[in-house]
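The values are calculated or read from the model by the stated rules, or taken from the named source; none is laboratory data. What you see is a predicted model, and the numbers here were worked out from it, not measured in a lab. Neighbour counts are summed over all protein chains in view; Cβ atoms, including those assigned to glycine, are modelled from backbone coordinates with ideal geometry.
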């Protein structure tokens, strides 16, 4: 029986030209690019072996970016040991270098190393943190960032947006903000949602939304942003997002915003000693619900 090494990868990508994370026939995806790159490095096709598959913490949707994505892959121990060749580098360092040589420029693996015992990129994660960036005035429109910031013509009242979404935090049913999936639960723990207009730094002047949760259902973050913008533009009262949440039904007035402003910033994990217990608990919860729960906030 072959021995495998579980490898954690920290990566980032510009999602503009990808049809999301998950491999799809005939479409360019992040997972597909990583699969193809790893297959070349391990010579899977020449050796007649299946390429190891990646498990990701957050399955981002088409056009969504990631700065702090995390994935894992199980590589045969012999293949792992052979990665450095004669270079004298550690296998993880060699993997990063060799992936850099075969991956397209819009996806970067920053780090690769053996994962702690019990680590699962999807099930061990405690929370996912996303930002959404909006330029709501001509002077804020930077053409060099046009693929990463939503441009809108109407000025936004960021203070009203922030006040409107604060009541949404907690363990709640987000059916009003999720694209329905047959049999799937829409209950999530929204740990933080807030809007600000930074006064300095690269986001100075922009309307920036911060969203943190244990997991997200389909369309959830982009629908939350759309509801926030309804308030910010003065089309809806400050109470509308909370009233909509309480109704537990989709409303035609909820605008699912475009993907370019959304970025996965960070995945948080528990201490190494708690990874296995966290993964077991979350996996058991998924099995009890008998559904595949999407853990991406990006859709």
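Computed quantities for the displayed model
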| quantity | calculated |
| --- | --- |
| From 281, 242, 215, residue being farther than 24 Å from residue 14 by Cα and modelled with pLDDT under 95 | 281 |
| Count of segment 24-38 residues which are surrounded by 18 or more Cβ atoms within 10 Å (Cβ to Cβ) and touching a helix residue (DSSP H, G or I) at 6+ places or on another chain (Cβ under 7 Å) | 1 |
| Scope segment 98-134; condition assigned to a helix (DSSP H, G or I) and surrounded by fewer than 16 Cβ atoms within 10 Å (Cβ to Cβ); matching residues | 100, 101, 102 |
| Number of the exception - residue 295 against (1) modelled with pLDDT under 85; (2) in the same structural domain as residue 142 (by TED's automatic domain parsing) | (2) |
| Sole exception among (1) outside any loop (DSSP other than H, G, I, E, B); (2) surrounded by 21 or more Cβ atoms within 10 Å (Cβ to Cβ) for residue 172, by number | (2) |
| Residue list for segment 219-271, restricted to those being within 15 Å of the chain's Cα centre (by Cα), under 20 Å from residue 164 (Cα atoms) and part of a loop (DSSP other than H, G, I, E, B) | 219 |
| Verdict on residue 30 being within 22 Å of the chain's Cα centre (by Cα), modelled with pLDDT of 95 or more and farther than 22 Å from residue 116 by Cβ | yes |
| Some residue of segment 138-152 being within 25 Å of residue 56 (Cα to Cα), surrounded by fewer than 18 Cβ atoms within 10 Å (Cβ to Cβ) and without any contact (Cβ under 8 Å) to a residue 40 or more places away in the chain | no |
| Hits in segment 196-218 (condition: part of a loop (DSSP other than H, G, I, E, B) and within 22 Å of residue 285 (Cβ to Cβ)) | 214, 215, 216, 217, 218 |
| Among (1) in a helix (DSSP H, G or I); (2) within 24 Å of residue 69 (Cα to Cα); (3) at pLDDT 95 or above, the one test that residue 193 misses | (1) |
| Residue 253 surrounded by 20 or more Cβ atoms within 10 Å (Cβ to Cβ) and either within 26 Å of residue 151 (Cβ to Cβ) or modelled with pLDDT under 95 (or both) | no |
| Scan of segment 153-164 for residues that are in contact (Cβ under 8 Å) with a residue 60 or more places away in the chain and either within 13 Å of residue 209 (Cβ to Cβ) or buried (at least 17 other Cβ atoms within 10 Å of the Cβ) (or both), ordered by number | 156, 157, 158, 160, 161, 164 |
